[in-house]
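**Q** To start, I am sharing the structure in question, which I have written as structure tokens.
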Amino acid sequence: MNKSDIQFLKDLCETPSPTGYEWPAAEALRKRLGKTADNIATTVMGSVHATLNGTAQGSSVMIAGHIDEVGLIVKFVDENGFVYFDSLGGVDAAILPGTRINLYATGKGTNGPSDPTLLRGVIGRKPIHLIEPDERKNVTPLEKLFADFGFSGEKTKELVRVGDYMTYGVGFEQFGEGLAVSRAFDDKMGAFIAARVLEEVKKAGGAAGDVIAVGTVQEEIGIRGATTSTYLLDPDICICVEVGHAIDYPGVEKSRYGSKVIGKGPIIARGPNINPVLFERLIEAADKAKVPYQIDAEPRGTGTDANAMQISRGGKATGLVSIPLRYMHTPNEVLSLEDLDSAISLVKQFVLDLDPSIDWVPGWQG
């Protein structure tokens, strides 16, 4: 991965986009693809559609990653300036005490919702010395935690409005042997891959059918953006690019969750949520592109945008390509940059090899 691509990934991950407030990340995606796509549109919900027109009458392909990240939303500000909040998406209350956070303030003295003021803060809780022995055995529930921004009650109430958003206050770093750590790899990394595939397909001269790189919104609260985008675009084929749980660290049972390792290539899902013909085509593409891959059995709906894609309109041929990720939904998600490159090569090969004569109906081949 070159320096420009790493910077794009870093910028995308560090640009705030908690669920419902995705437009800063949407703008980063539009800016990157402005010179690649033939057309860029943004839906009323906020999802970005960047289309590379086909060179012939081929099958259209939607490649999507969601640009929302888990976060917090302000519920109440008390007289002393402490801010109480609720979660946006699946946030583990156990990891929050002592976490540094960013709040995007839209109250009096700020530029409002279009240009919120960044406030740095920390999530507070009683220190262990003041917690009764019985309390130490339990996770402090979300409603008992609060955020401290270092201002007086009057100043905080002036700056912060109910409904303002917060994210983990950390960014992107490279470390170890080809690894990277950041908040929000879930799933801005998927949008990054979709964008890079569009760029690579254009470099290769384009595909027969339209290729649409999509950054969907509100995945973390119910795959909402993918539902509207797939219906609106009505593509022939859908590829969801997501994160998957790496099972390569202590305490996780491989016999229960399978074996998925960072640095060993992207994960290709197989199961009811996945079109079986498309699955085999992804395997063929990985082999042709000479990239490593892993297979994961998904016995039900995957809980990703692939759910909405598959059942849109009369049904879509849908696939799921995931990147192994450690510590999902924490401030410090970990992945291998090489896995991202492998996923880009795999999906690019799949797109370039598409033939409009392929029959996606299961069991009808041959």
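**Q** If we scan region 268-289, do we find a residue that is farther than 30 Å from LYS31 by Cα, in contact (Cβ under 8 Å) with a residue 60 or more places away in the chain, open to solvent by 10 Å² or more (accessible area, probe 1.4 Å) and among the aliphatic types (A, V, I, L, M)?
**A** yes
**Q** Could you check how many residues of region 229-262 are touching a Lys or Arg at 6+ places or on another chain (Cβ under 8 Å) and surrounded by fewer than 17 Cβ atoms within 10 Å (Cβ to Cβ)? Steps first, please.
**A** Step one: filter region 229-262 for residues touching a Lys or Arg at 6+ places or on another chain (Cβ under 8 Å), giving 230-231, 234-238, 244-249, 262.
Those left that are additionally surrounded by fewer than 17 Cβ atoms within 10 Å (Cβ to Cβ): 231, 234, 248-249.
Total meeting the criteria: 4.
**Q** Does PRO356 fit the bill of being in contact with a strand residue (DSSP E or B) (Cβ under 6 Å, 6 or more places away or on another chain), more than 23 Å from ALA226 (Cβ to Cβ), open to solvent by 10 Å² or more (accessible area, probe 1.4 Å) and not in a helix (DSSP H, G or I)? Reasoning before the result, please.
**A** Numbers: in contact with a strand residue (DSSP E or B) (Cβ under 6 Å, 6 or more places away or on another chain): no; more than 23 Å from ALA226 (Cβ to Cβ): yes; open to solvent by 10 Å² or more (accessible area, probe 1.4 Å): yes; not in a helix (DSSP H, G or I): yes.
Spelling it out, it is not the case that PRO356 is in contact with a strand residue (DSSP E or B) (Cβ under 6 Å, 6 or more places away or on another chain), more than 23 Å from ALA226 (Cβ to Cβ), open to solvent by 10 Å² or more (accessible area, probe 1.4 Å) and not in a helix (DSSP H, G or I).
**Q** So, one more: Across region 307-345, what is the total count of residues that are part of a strand (DSSP E or B) and small (Gly, Ala, Ser)?
**A** Within region 307-345, the subset part of a strand (DSSP E or B) is 317-326, 333-336.
Now restrict to residues that are small (Gly, Ala, Ser): 317, 319, 322, 336.
Final tally of qualifying residues: 4.
**Q** If we keep just the residues of region 14-35 that are surrounded by fewer than 21 Cβ atoms within 10 Å (Cβ to Cβ) and among the basic types (Lys, Arg), which is farthest from the chain's Cα centre (by Cα)?
**A** Once the filter is applied, the top-ranked residue is LYS35.
**Q** Right, here's the next one. Quick check on region 63-78. Is at least one of its residues under 21 Å from VAL211 (Cβ atoms) and open to solvent by 70 Å² or more (accessible area, probe 1.4 Å)?
**A** Pass one, region 63-78, residues under 21 Å from VAL211 (Cβ atoms): 63-67.
Next, only the ones that are open to solvent by 70 Å² or more (accessible area, probe 1.4 Å) stay: none.
Within region 63-78, not a single residue is under 21 Å from VAL211 (Cβ atoms) and open to solvent by 70 Å² or more (accessible area, probe 1.4 Å).
**Q** If we keep just the residues of region 52-62 that are in contact with a Leu (Cβ under 7 Å, 6 or more places away or on another chain) and surrounded by fewer than 24 Cβ atoms within 10 Å (Cβ to Cβ), which is nearest to GLY215 (Cα to Cα)?
**A** So, considering only residues that are in contact with a Leu (Cβ under 7 Å, 6 or more places away or on another chain) and surrounded by fewer than 24 Cβ atoms within 10 Å (Cβ to Cβ), the one nearest to GLY215 (Cα to Cα) is SER59.
**Q** Take the conditions assigned to a loop (DSSP other than H, G, I, E, B) and open to solvent by less than 20 Å² (accessible area, probe 1.4 Å) and apply them to GLY265. Does it pass? Quick ask: steps written out before the conclusion?
**A** Numbers: assigned to a loop (DSSP other than H, G, I, E, B): yes; open to solvent by less than 20 Å² (accessible area, probe 1.4 Å): yes.
Considered against the rule, which asks whether it is assigned to a loop (DSSP other than H, G, I, E, B) and open to solvent by less than 20 Å² (accessible area, probe 1.4 Å), GLY265 comes out as yes.
**Q** Only one residue in ASP38, ASP5 is free of Cβ contacts under 8 Å to residues at least 40 places away in the same chain and either surrounded by 15 or more Cβ atoms within 10 Å (Cβ to Cβ) or not hydroxyl-bearing (Ser, Thr, Tyr) (or both). Which one? Full working, then the answer.
**A** Values: ASP5 fails: free of Cβ contacts under 8 Å to residues at least 40 places away in the same chain.
After ruling out the rest, the residue left standing is ASP38.
**Q** Go through region 321-332 and report how many residues are surrounded by fewer than 24 Cβ atoms within 10 Å (Cβ to Cβ) and either touching a Leu at 6+ places or on another chain (Cβ under 8 Å) or at pLDDT below 95 (or both).
**A** First, the residues of region 321-332 that are surrounded by fewer than 24 Cβ atoms within 10 Å (Cβ to Cβ): 326-332.
From what is left, the residues that are either touching a Leu at 6+ places or on another chain (Cβ under 8 Å) or at pLDDT below 95 (or both) are 326.
Count: 1.
The values are calculated or read from the model by the stated rules, or taken from the named source; none is laboratory data. Model, not experiment: these values are computed from the prediction. With ideal geometry, Cβ positions are generated from the backbone for all residues, glycine too; neighbour counts draw on all protein chains shown. To get the accessible areas, we keep the full protein, side chains included, count just its heavy atoms, and leave off ligands, DNA and RNA. Shrake-Rupley method; radii C 1.70, N 1.55, O 1.52, S 1.80 Å.
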